[in-house]
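Here's the structure, in structure tokens; my notes come after.
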Amino acid sequence: MACIVQKYGGSSLSDVDKIMQVARMIAGVKATGMDVAAVVSAMGKTTNGLVEMARSISSKPARREMDMLLSTGERITMSLLCMALNELGVASVSLTGSQCGIITNHRHNDAQVIEVRPFRVMDEMAEGKVVVVGGFQGVSYRRDITTLGRGGSDTTAVALAAAIDAERCEIYSDVDGVYSSDPSVVADARHLPEVSYPVMQEMSAAGAKVLNAQAVQFAKEKKIAIYAGSTFDRRRETVVRKLPTGQVAGVQAVVSEKEITRVRISGDRALVDFRWALDFLEGEQVPVKEVHAADVSADPLPSQVSFVVSASNIYGWKDIRDRLVQRLGASVRFDAHLSALSLIGEGLNRTNATLIEALALLENHGIVVAAATTTSFRISLLVPREKIDAGVRLCHGHWISKMS
Ligand SMILES: Nc1ncnc2c1ncn2[C@@H]1O[C@H](COP(=O)(O)OP(=O)(O)O)[C@@H](O)[C@H]1O
Ligand SMILES: N[C@@H](CC(=O)OP(=O)(O)O)C(=O)O
């Protein structure tokens, strides 16, 4: 029988009334004769609450224990949703990521899905049940519970859709699709009916929470279209899929990531220190992004290497930072009050024009740019955190609103 995967985000399941409403929607789909796997996130801000609870006990909570803790949020939702479905007379069963065969690597708090063995899901579906899946979690080859990084339930949905060969993969949240900027920041952000995989991947990696970057990567690899829409307003949606290149020119979206910390290592031994820091951070499973090396040479000249980390998602960051200082002393510095503003679009760097224009635009409005990096789909600029929303609105107004 044809099957569908639907993912419901935490904002759509924040109280029991909403859980009942979602149960009715799922019952409606099941009544059409489709098999349904519903992937759920933790209710409302539950995951944030669990993180706060852990932080109030320890500044360096063990990564394994964080996963054990955070995965419980999704368990609450999945069992309540099954109870709601059963009340409606719809047979259902809740399964954890581990029970669904979501196998990951050992990288706690930010695990990658390696494979999905969906036998139990298929068996339960064959018995006519709606399968309710706890998103955001898996199990490593060492049989430890892992989580897939913030927003990781999207990844569960796409990975499962690929494994069970679902007809559709729908991801529902509180917005009716993907916009040219976060609609909660830019009032006239444009709804995008279609977005290509690479553009969406850059948007997600640069901070657009609406879809998770690993989920988009998975969708691209497995050639799964993602239909992103609003749980309670189904009038329109965004399809993320393979699109012919060269259709849309210029800046398509303006995206931000608020909590960025830049780490700068300088001095005669900058490269040696940087390599030590890289090994140390890898041991701590901290992803390092946007590495810049300035004036690194064999000469004993002062050099500088910098990189950025998204510190808000690293639960023991304060302790890791202290250990960097212990080892590197005055040669390491942290800029903790930065945000990344990214312009996204195909072939943005075919010429330097967009970068030049962006630097001038921000400077003319008193927004100091601390660093810039480019790829062929993205220009990212580090700006002071208190100016990030103003910067996003400014760039959106300049490149996108004025085009309509
Ligand atoms: N470019 C964008 N398009 C749409 N929504 C975006 C974008 N960038 C950020 N968002 C934010 O993503 C939110 C939806 O994602 P998320 O908070 O993860 O929802 P859920 O918890 O329901 O999964 C929206 O409320 C919106 O503020
Ligand atoms: N509950 C997890 C996973 C998730 O995907 O959540 P949401 O779908 O609400 O963004 C988180 O808050 O990160």
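The values are calculated or read from the model by the stated rules, or taken from the named source; none is laboratory data. Everything numeric in this text was worked out from a predicted model, so none of it was measured. Cβ placement follows ideal geometry from the backbone for every residue including glycine, while neighbour counts extend to all protein chains displayed.
So the values come out like this:
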read-out: Residue satisfying condition, being crowded, with 20+ Cβ neighbours inside 10 Å, more than 18 Å from ARG117 (Cα to Cα) and within 12 Å of ligand 2 (Cβ to nearest atom), within set LEU211, LEU192; value: LEU211
read-out: Out of ASP35, ASP110, ASP67, sole residue that is at pLDDT below 95, acidic (Asp, Glu) and either within 16 Å of ligand 2 (Cβ to nearest atom) or more than 30 Å from GLU284 (Cα to Cα) (or both); value: ASP110
read-out: Unique residue being over 15 Å from the mean Cα position of the chain (by Cα), in the same structural domain as ARG117 (by TED's automatic domain parsing) and outside any strand (DSSP E or B) when the list is PRO198, PRO183; value: PRO183
read-out: Residue satisfying condition, being outside any strand (DSSP E or B) and of a type in the set (Ser, Thr, Tyr), within set SER312, SER306; value: SER312
read-out: Test: residue in the range 232-245 that is in contact with a Ser or Thr (Cβ under 8 Å, 6 or more places away or on another chain), within 9 Å of ligand 1 (Cβ to nearest atom) and not assigned by TED's automatic domain parsing to the domain that holds GLU346; value: no
read-out: Any hit, the range 67-85, residues being buried (at least 16 other Cβ atoms within 10 Å of the Cβ) and either part of a loop (DSSP other than H, G, I, E, B) or touching a Lys or Arg at 6+ places or on another chain (Cβ under 8 Å) (or both); value: no
read-out: Among the candidates CYS3, CYS100, CYS82, residue that is touching an Asp or Glu at 6+ places or on another chain (Cβ under 7 Å) and either more than 16 Å from ligand 1 (Cβ to nearest atom) or farther than 30 Å from ASP319 by Cα (or both); value: CYS3
read-out: GLY138 within 19 Å of the chain's Cα centre (by Cα), assigned to a loop (DSSP other than H, G, I, E, B) and within 16 Å of ligand 2 (Cβ to nearest atom); value: no
read-out: Members of the range 19-48 that are in contact (Cβ under 8 Å) with a residue 40 or more places away in the chain, among the basic types (Lys, Arg) and either crowded, with 18+ Cβ neighbours inside 10 Å or over 15 Å from ALA91 (Cα atoms) (or both); value: LYS30
read-out: Condition broken by ALA330, with the remaining ones in (1) under 30 Å from TRP276 (Cβ atoms); (2) in a strand (DSSP E or B) satisfied; value: (2)
read-out: Residue count, the range 141-180 (criterion: within 15 Å of ligand 1 (Cβ to nearest atom), farther than 25 Å from MET34 by Cα and either part of a strand (DSSP E or B) or outside the structural domain of GLY207 (by TED's automatic domain parsing) (or both)); value: 3
read-out: Residue within the range 207-222 that is under 30 Å from ASP17 (Cα atoms) and basic (Lys, Arg) present; value: yes
read-out: Any hit, the range 285-301, residues being under 16 Å from GLY177 (Cβ atoms) and of a type in the set (S, T, N, Q); value: no
